[in-house]
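Beneath this line is the structure, given in C-alpha cells, with notes to follow.
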Amino acid sequence: MPLYEYVCRDCGQQFERLSTYAEADSVACERCGSPQVRRLVSLVAAPRPVQGGGGCCGGACSCAAH
C-alpha cells in the first residue's frame, strides 16, 4: 500500500497516510477534519544495481553464494 503525503487547504497541516490508490483522493485532514486536502508530489526511492561483490548481499555475508 503506498504512502501518500497531503496538505490541508484550510489549516495548512501536512500529513502522511497509507491508503489504496482508490482511496487516495478521499482523505480528510487529520487535524481539522476538512475534506479540502491536496495530495503532494513525493520522491520515490528506487533500487539501484549493486556494484561489484555479487551474491545475495554484495559479498558481506557468509552465505554459500560467495
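The values are calculated or read from the model by the stated rules, or taken from the named source; none is laboratory data. Bear in mind the structure is a predicted one, so any value in this text is a computation, not a measurement. Cβ coordinates were reconstructed from backbone atoms using ideal geometry, including for glycine residues, and neighbour counts include every protein chain displayed.
Table for the structure above
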item	result
Candidate set: segment 1-14, residues that are under 12 Å from the mean Cα position of the chain (by Cα) and among the hydrophobic types (A, V, I, L, M, F, W, C); chosen: the one farthest from residue 36 (Cα to Cα)	1
Members of segment 15-56 that are at pLDDT 85 or above and farther than 11 Å from residue 4 by Cα	22, 26, 28, 29, 30, 31, 32, 33, 34, 35, 36, 37
Tally of residues being surrounded by 13 or more Cβ atoms within 10 Å (Cβ to Cβ) and among the aliphatic types (A, V, I, L, M) across segment 1-52	5
